[in-house]
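Novice: My questions will all concern the structure given below.
The values are calculated or read from the model by the stated rules, or taken from the named source; none is laboratory data. Everything quoted here is computed from the prediction, not taken from an experiment. Surface areas here come from the heavy atoms of the whole protein model, side chains and all, with no ligands, DNA or RNA. Shrake-Rupley method; radii C 1.70, N 1.55, O 1.52, S 1.80 Å.
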Amino acid sequence: IKFIPIIFINSLFWSIKPILEKYGILSSDIFIFAFLRYIFTGFISFIFLFFYLKYYKINYNISNISFFYAFIIAIISIIAILSNYYLLKYNRVSIINAIVEPLIIIFIILLSKFFLNEDIRKNEYFGIFLIMIGIFIIFYY
């Protein structure tokens with residue numbers, strides 16, 4: 001219950017993001033816009049990190065494995081954002097997000113089983129089934 005406001009804020013901001021991205025990519029090249037986004041994100045993150053380290057006075061030794069995962073995630077993020085911007089540039093936001101976001105849920109469940117050995121519960125199988133029906137309805141009707 002205590003996380004409901006944060007869940008709502010998170011969901012709202014993730015919902016606003018593709019709409020603003022659609023505006024951005026319609027007035028720019030998808031590559032330029034994607035890289036500008038990451039430049040601004042890096043700059044803002046650097047400011048937050050500076051104040052975070054200054055305020056909390058923590059030891060910020062970072063392991064090599066953390067650098068490795070950060071690098072891999074950066075590559076995956078760039079590929080994901082470029083493909084998403086391509087889809088958004090030529091399609092309706094409501095259709096693309098209604099298909100991509102549920103597929104993300106399915107991939108997370110399946111990849112968590114494969115990489116993290118997490119169990120897939122019966123309700124998750126049922127959820128995957130319902131998501132696939134929903135995607136079919138959105139895509140074909």
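Novice: Tell me the residue from ILE131, ILE96, ILE65 that is at pLDDT 95 or above and not acidic (Asp, Glu), please. Write out each step before concluding.
Specialist: Working: ILE96 fails: at pLDDT 95 or above; ILE65 fails: at pLDDT 95 or above.
Only one candidate passes the filter, namely ILE131.
Novice: Could you tell me whether PHE71 is open to solvent by 100 Å² or more (accessible area, probe 1.4 Å) and farther than 20 Å from GLY42 by Cα? Write out each step before concluding.
Specialist: Working: open to solvent by 100 Å² or more (accessible area, probe 1.4 Å): yes; farther than 20 Å from GLY42 by Cα: no.
Answer is no for this residue.
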